[in-house]
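The values are calculated or read from the model by the stated rules, or taken from the named source; none is laboratory data. In this text, all values refer to a predicted model and were calculated from it rather than measured experimentally. So basically every Cβ, Gly included, is an ideal-geometry build from the backbone, and we count neighbours across all protein chains shown. Protein only, heavy atoms only, side chains kept; ligands, DNA and RNA dropped before computing areas. Shrake-Rupley method; radii C 1.70, N 1.55, O 1.52, S 1.80 Å.
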Amino acid sequence: MKVFPFQSAVGRSFFRIVLPFSCALLAGCQHRDLVDTTVDWYHQHEGGVIAQQRPPAPGQLDPYPRVGLTPTTPPSLPSPELRQSITNNLIASRNLTMRTTAQNGTLTPVIPPPPNAASSNKPAAPASDASKAATTQASAATSAPLPAGGMGAILDAADSSSTGPAAAHASPAPKAQKTTPEAELAMPEFRGDAAVVATSVTQPLPDIPAGPPGAPAIPGFVAPRDATTIEPIRPDYDVAPKDGTLIGFLPGSDQMKPGQDGALNKLITSRHGGQLFLHCSGETVSLSPQDQTQAVELGLLRGRTLADALIKKGVPASALHISSSAFGPAARVSTQG
């Protein structure tokens, strides 16, 4: 079969047009467009790590979770009383911040404009003939050159160095005669007797006692026991460790940590019909009375939660004694008080 040159040229043009579209359609079958296919081809041409396929997303082939697998147990939240106390504290803190901000003012002060900008913004007033004459005289006096050495040696040197490049392009000025620079003013020489620091003592030094003076004796008054002590007075804090079983609570909450049933059952077994003393405490952050009051309140809420848990297990309410403090662990339960 004889193929004419015209037919072969048409066939080549047809393949040049159809072949890219065929590649695009084949790439579309893989859910990838022409741009992604071209980028992948370029990465394979570069080679290396970039030519490798990216790992699939984690859990891509896993089945979808069922609604029945969602957790149904409600999370352990603080009691409504504790949440209301936290809300009140936040409201008080917000009100204090607003009052402090209003008292101290804004942090960005109003800065007035510079004097040059303020004067340039003002409209120029019409000048009279006298003011025009005074302005002309002042400009003439300003433009008149000062004699060499009139401003001092340092100012003359600075003025000549700053106007040097500008003077190079101007017309050459006649050379001035060299003059000797003026000498700087010298401070007057001090002549007289200098002050002498007294380093010797002519009078006898007083005797230094070996210890502090004794407490004065007043009839009918008994001196305190720490009047003659030298050591600093320490606060009368109760730092003795509390005995008993430790019961953990969530941080900043009155809900017990999970897994406390074993400790509660052991307490009920060891009680033998006796009393249980619940020593609870909060989480104070400072020594201020307000913070300690909030910590004592949190300790009381923790004691109520612990007492409710013991009552549900059969312990009578009359056998429980609750105490709260600002410092200490979450809660300790003992039978010895």
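Full-extension gain between Asp308 and Val197, please, as 0.36 nm times their residue separation minus the C-alpha to C-alpha distance.
Values: separation 111, 0.36 × 111 = 39.96 nm, distance 8.05 nm.
That works out to 31.9 nm of additional length.
Arrange the peptides 43-49, 244-250 so that the one whose residues have, on average, the most other Cβ atoms within 10 Å appears first.
Details: 43-49: 9.4, 244-250: 17.4.
By packing density, highest mean first, the sequence is 244-250, 43-49.
Heavy atoms only, probe 1.4 Å: what % of the accessible area of the stretch 234-337 goes to carbon and sulfur, would you let me know? Write out the running numbers ahead of the final one.
Details: 3370 of 6070 Å².
Accessible surface attributable to carbon and sulfur in the stretch 234-337 totals 55 percent.
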How much length is gained on full extension from Met187 to Asp236, taking 0.36 nm per residue of separation minus their Cα-Cα distance?
10.9 nm
Set the Förster radius R0 to 30 Å, insert the Cβ-Cβ distance between Val18 and Val39 as r into 1/(1 + (r/R0)^6), and round the FRET efficiency to 0.05.
0.85
Hey, for a label at Asn95 modelled as a point 7 Å past Cα toward Cβ, could you say which residues of the stretch 260-298 have their backbone N under 18 Å away?
290-291, 294
